[in-house]
Amino acid sequence: MNTFIKKLATAALVVGAIGLASTAQAQQPTPKELKQAFAPKSTHRAPFKKANEAELLSVNIQFKMATRQEQEKRKVGNVITWGFLEGVDDALLQEIADEYYKNLEVKLKANGISLTTEYKGSEQYQKLVERSSDLERELHKKNWGVSKIVTANNAPYIEFPIMAGAHSSLGNKLKKPVGMLFITVDFIEITQNISKGISSFTLGGNSDRTDKFETDMRPVIRIEGVTQGGIKMKGDGTYARFNGANHSYCNPGLQNFAITSAVPYANDVQVAEGMPESMKKFKSAVVGDLASIFSKGAVKSGRGNLEATYTIQANPEAYKKAVLNALDKYNDYLIAYIKANN
């Protein structure tokens with residue numbers, strides 16, 4: 001008996017109304033929301049317990065410029081969705097990062113913690129700068145897309161792990177929390193679905209089955225949690241690292257949880273006709289994946305497949321407003337976590 005799959009590929013584009021949203025009054029996260037966002041707990045000896053000062057060695061924002069998402073169902077097929085962000089330049093990203101730092105500084109001070117820069121003259125800080133000097137600021141990975149990392153105030157991009165090192169020695173030396181932030185900002189919310197159909201027999205004795213493949217997207221600014229199945233030491237999702245006196249630490253990492261902004265930022269959303277110019281420079285698996293999609297060469301034999309590509313044209317000022325709005329919500333979560341666990 002011969003069996004064949006009848007492929008039905010449908011793509012639905014869902015775009016939020018542009019220019020109609022209003023900014024809602026921010027609400028403090030509840031204990032339940034904190035647990036969902038930051039579980040499991042990652043604080044030891046409470047470095048912020050008696051602190052009224054803290055040092056931020058590096059505030060790093062990873063802006064996604066292209067986002068990829070894939071869903072696969074065994075023996076049925078897969079859905080691949082790409083979104084590309086246009087209309088945002090490096091100067092605007094730096095402006096957002098600098099303003100975010102100022103906003104965070106104000107919010108921390110309102111909660112009893114002043115930011116200082118005593119770390120700058122320390123041997124430990126210089127070691128951290130040297131050890132992080134080879135970190136890439138432009139990333140491109142086939143499994144999630146393309147991003148740019150911007151540091152607030154044009155400071156060095158520093159990463160340090162959860163375990164002990166120069167950062168923990170510095171916190172112990174200064175007797176106050178010293179830390180870094182890494183925040184991932186996405187610009188799109190993608191929903192995918194694969195439904196396996198029910199087989200039915202035809203008059204010829206063959207089996208006929210219709211499977212359904214769908215992808216929906218919305219232009220939404222999102223502070224993104226972990227994307228690679230677990231918090232890595234660097235460059236994935238959103239996390240903070242703080243070390244203080246007596247080898248204390250506080251390391252909240254945003255889990256599979258997104259903090260979103262209701263502020264609209266897109267001027268236009270279109271189905272991409274071909275590979276965007278901004279993507280052509282990446283000599284990697286990203287370009288290979290896109291080239292196969294735009295040339296219709298990625299369909300796998302014997303299975304249903306849907307590839308969808310969207311280009312979002314951002315309004316620069318609206319994008320800045322939406323990103324800062326989402327980052328402000330993240331600050332509320334971060335400070336609430338610090339208070340609850342210290």
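The values are calculated or read from the model by the stated rules, or taken from the named source; none is laboratory data. Everything numeric here is computed off the predicted structure, so don't read it as measured data. Note: ideal-geometry Cβ built from the backbone for every residue, glycine included; neighbour counts use all protein chains shown.
Is there any pair linking a residue in region 263-275 that is over 18 Å from VAL323 (Cβ atoms) and of a type in the set (Val, Ile, Thr) to one that is surrounded by 14 or more Cβ atoms within 10 Å (Cβ to Cβ) and modelled with pLDDT under 95, with Cβ under 8 Å and at least six apart or on different chains, and which?
VAL271/ALA11; VAL271/ALA308; VAL271/THR309; VAL271/TYR310; VAL271/THR311
Looking only at region 90-117, which residues are surrounded by fewer than 14 Cβ atoms within 10 Å (Cβ to Cβ) and free of Cβ contacts under 8 Å to residues at least 12 places away in the same chain?
Listed by number, the residues that qualify are ALA91, LYS102, VAL106, LYS109, ALA110.
Pick out the one residue from LEU56, LEU34, LEU8 that is at pLDDT 50 or above and part of a strand (DSSP E or B).
Step by step, each of LEU56, LEU34, LEU8 is checked, and only LEU56 is at pLDDT 50 or above and part of a strand (DSSP E or B).
Based on what the data block shows, is VAL59 surrounded by fewer than 21 Cβ atoms within 10 Å (Cβ to Cβ), β-branched (Val, Ile, Thr) and over 21 Å from THR311 (Cβ atoms)?
The answer is no for VAL59.
Right, VAL287: hydrophobic (A, V, I, L, M, F, W, C), outside any loop (DSSP other than H, G, I, E, B) and out of contact with any Pro (no Cβ under 6 Å at 6 or more places or on another chain) or not?
yes
So which residues in region 122-136 are out of contact with any helix residue (DSSP H, G or I) (no Cβ under 7 Å at 6 or more places or on another chain) and of a type in the set (D, E, K, R), if there are any at all?
Within region 122-136, GLU123, GLU130, ARG131, ASP134, GLU136 meet the criteria.
In region 59-78, which residues are among the hydrophobic types (A, V, I, L, M, F, W, C) and in a strand (DSSP E or B)?
VAL59, ILE61, PHE63, MET65, ALA66
In region 11-23, is there at least one residue being of a type in the set (Ser, Thr, Tyr) and at pLDDT 90 or above?
Within region 11-23, not a single residue is of a type in the set (Ser, Thr, Tyr) and at pLDDT 90 or above.
State whether the residues of region 68-89 include one that is farther than 30 Å from ASN193 by Cα, of a type outside the set (A, V, I, L, M, F, W, C) and surrounded by 14 or more Cβ atoms within 10 Å (Cβ to Cβ).
No; the residues of region 68-89 include none that is farther than 30 Å from ASN193 by Cα, of a type outside the set (A, V, I, L, M, F, W, C) and surrounded by 14 or more Cβ atoms within 10 Å (Cβ to Cβ).
Kindly provide the set of residues from region 176-217 that are modelled with pLDDT under 95 and among the basic types (Lys, Arg), ordered by number.
Selection gives LYS196, ARG209, LYS212.
I need the full set of residues from region 94-117 which are part of a loop (DSSP other than H, G, I, E, B) and not aliphatic (A, V, I, L, M), in order please.
Hits for region 94-117 are ASN111, GLY112, THR116, THR117.
Would you mind finding the one in THR184, THR215, THR151 that is surrounded by fewer than 21 Cβ atoms within 10 Å (Cβ to Cβ) and not small (Gly, Ala, Ser)?
Checking each option against the conditions leaves just THR151.
Conditions (1) in contact with a strand residue (DSSP E or B) (Cβ under 6 Å, 6 or more places away or on another chain); (2) modelled with pLDDT of 95 or more; (3) assigned to a helix (DSSP H, G or I), marked per residue:
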position: TYR310; (1), (2), (3): yes, no, no
position: ALA322; (1), (2), (3): no, yes, yes
position: LEU327; (1), (2), (3): no, yes, yes
position: ALA340; (1), (2), (3): no, no, yes
